[in-house]
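Below is one structure; the comments refer to it alone.
The values are calculated or read from the model by the stated rules, or taken from the named source; none is laboratory data. All values reported here derive from a predicted model rather than from experimental measurement. Glycine gets a Cβ as well: all are built from the backbone with ideal geometry, and neighbour counts include every protein chain shown.
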């Protein structure tokens with residue numbers, strides 16, 4: 001008799017796939033009511049923003065998940081010991097520079113950074129990669145060049161400011177970070193009987209886990225987009241300090257994929273190049289969906305410390321680089 005309750009509890013346990021299935025059934029049943037709700041223009045705008053965030057981010061999230069699974073399944077731990085310098089101070093900029101080689105957006109870098117930590121990479125170096133990869137990879141730099149024709153200094157400024165922010169944050173974590181603040185991703189339950197089995201387990205786990213937090217962050221970003229009055233943008237563009245802070249905060253709220261954010265930044269023609277640089281540096285490193293994903297993967301104690309610090313450092317570095325290269 002003692003085994004029956006346990007078996008019953010196991011059968012009734014809901015996982016991510018069951019929740020997704022129930023959600024799909026609810027959407028189908030409630031479709032007539034949902035259609036009437038979206039006659040509201042504000043809800044239509046929020047829905048458009050939410051769908052655009054998910055559509056932009058999902059392909060790159062899949063790339064990051066597959067890369068994370070490949071690292072876990074096929075790359076031995078000893079590789080990272082050989083690839084990164086033993087000196088952790090030097091390992092941080094080396095890991096940050098690796099972002100130049102791997103196309104992907106911020107959604108992809110979160111599961112990859114988690115996989116790197118699980119494979120023995122020092123957290124400071126993995127965090128430097130997490131911040132740099134979506135901001136300085138070739139796709140992002142090319143899109144920035146195209147979005148700002150005749151202004152190649154924007155590409156250089158974005159590269160310098162983003163890399164400097166990533167490295168500085170890695171060094172800050174190396175100096176002041178505490179192990180108790182960072183929940184190291186637990187991956188032992190994802191080790192399969194073969195490398196391909198491990199790949200499948202890791203990919204499905206990371207996609208469902210990170211994808212859920214992407215949805216939560218996308219919903220928050222959509223709500224904030226609707227709530228923010230457009231008049232605020234016009235009021236702050238004339239003040240240099242408020243312009244930088246305003247576009248930096250807007251980058252957090254809009255949560256645009258880093259492959260597309262340069263075209264949005266270029267459209268803010270009433271703002272200075274330095275303010276638009278802050279938008280481009282902050283967005284790929286800290287936004288609503290990223291905060292949600294980082295809290296889910298690395299823990300809330302990490303997110304509440306790392307996200308605000310990243311924002312402050314990114315704004316400060318962007319202002320300095322903008323004054324140096326864009327004035």
Residue in the stretch 257-280 that is surrounded by the most Cβ atoms within 10 Å (Cβ to Cβ), counting only those that are in a loop (DSSP other than H, G, I, E, B) and over 21 Å from the mean Cα position of the chain (by Cα): 271
Residue match in the stretch 241-256 (condition: part of a loop (DSSP other than H, G, I, E, B), in contact (Cβ under 8 Å) with a residue 12 or more places away in the chain and either touching a helix residue (DSSP H, G or I) at 6+ places or on another chain (Cβ under 8 Å) or closer than 16 Å to residue 322 by Cβ (or both)): yes
Residue in the stretch 70-79 that is outside any helix (DSSP H, G or I), modelled with pLDDT of 75 or more and either surrounded by 19 or more Cβ atoms within 10 Å (Cβ to Cβ) or more than 26 Å from the chain's Cα centre (by Cα) (or both) present: no
Residue in the stretch 307-317 that is at pLDDT below 90, over 18 Å from residue 136 (Cβ atoms) and either surrounded by fewer than 20 Cβ atoms within 10 Å (Cβ to Cβ) or within 13 Å of the chain's Cα centre (by Cα) (or both) present: no
Flag for residue 130 being in contact with a helix residue (DSSP H, G or I) (Cβ under 7 Å, 6 or more places away or on another chain), surrounded by fewer than 24 Cβ atoms within 10 Å (Cβ to Cβ), more than 17 Å from residue 318 (Cα to Cα) and at pLDDT below 95: no
Matching residues, the stretch 281-301, being at pLDDT 90 or above, part of a helix (DSSP H, G or I) and within 11 Å of residue 249 (Cα to Cα): 282
